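Just below is one structure, and these are the notes that go with it.
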Amino acid sequence: MLRLVYTFFLGVLLAIFVGVGVATYYPGPKSVEFPVELNSYGKEPTAEQLAIQKSYDIKMQQYNKDMRPYNRNTSIIVLCAAVIFLVISLIYEKRIKILADGVMLGGLFTLVYSIGRSFASQDTKYTFLTVTIGLLIVLYLGYHRFVRGHLSGAKIPRAKV
């Protein structure tokens, strides 16, 4: 039971490590703050407030436009980290099983984070590519970890000729 908790905790921490690392060394566009002057609570807006609202809307549109490539680039960085984690887990799966399992789980969590960021980029072709890469990785890992090991140890009956 403790091994399972450790494996899960290691996986979560690796995904958080990547997310915080990207946010630290590749910060996103500065968000736009809502103007205090627009807090009128049900009153009819003044001409000055309407001008402030229009300026705020333009800044928000630009911010949302700037976030799309940032989310795509972040998704690429995180996807690379996920692939690195998964490769490391395959390299060490026979030597240090518990660490390899935790790193694999961290790679899968990081992969999910990358796919989520790709959705935020609002680029359907890139999102499809990311999901395809994720699917191929998960299919390979499933085969490698659960099917191949059983096939190599099992005796396969030969057909009579």
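Odds and ends about this structure:
- Extension gain, PHE146 to VAL131, is 3.2 nm, computed as 0.36 nm per intervening residue step minus the present C-alpha separation.
- FRET efficiency, 1/(1 + (r/R0)^6) with R0 45 Å, evaluated for GLU48 and LEU13 via beta carbons: 0.35
- Helix 124-142 and the longest principal axis of the C-alpha atoms of the chain enclose an angle of approximately 30°.
- For the chain, the longest site-free run once trypsin sites (Lys or Arg not before Pro) in DSSP loop states with at most 15 other Cβ atoms within 10 Å are removed: 96-154
- Separation of alpha-carbon centers, the stretch 1-33 and the stretch 73-95, rounded to whole Å: 14 Å
- Proximal aspartates and glutamates relative to LYS54, as straight alpha-carbon distance under 20 Å, when same-chain residues fewer than 8 apart are discounted: GLU33, GLU37, GLU44, ASP66
- Here the gap between ASP57 and LYS30, fully extended at 0.36 nm per residue and compared with their Cα-Cα distance, gives a gain of 8.2 nm.
- Nearest-ten-degree value, helix 97-120 long axis tilted from longest Cα axis of the chain: 40 degrees
- Measuring nothing but how far apart in sequence close Cα pairs (under 8 Å, 6+ apart) lie, relative to its length, the chain scores a relative contact order of 29 percent.
- Rg/Rg_globular for the chain, with Rg_globular taken as 2.2 N^0.38 Å and Rg from C-alpha atoms: 1.55
Taken together, the values in this text are just the output of simple stated rules run on the coordinates, not laboratory data. What you see is a predicted model, and the numbers here were worked out from it, not measured in a lab. All Cβ positions, even for glycine, are placed from backbone atoms using ideal geometry, and neighbour counts span all protein chains on display.
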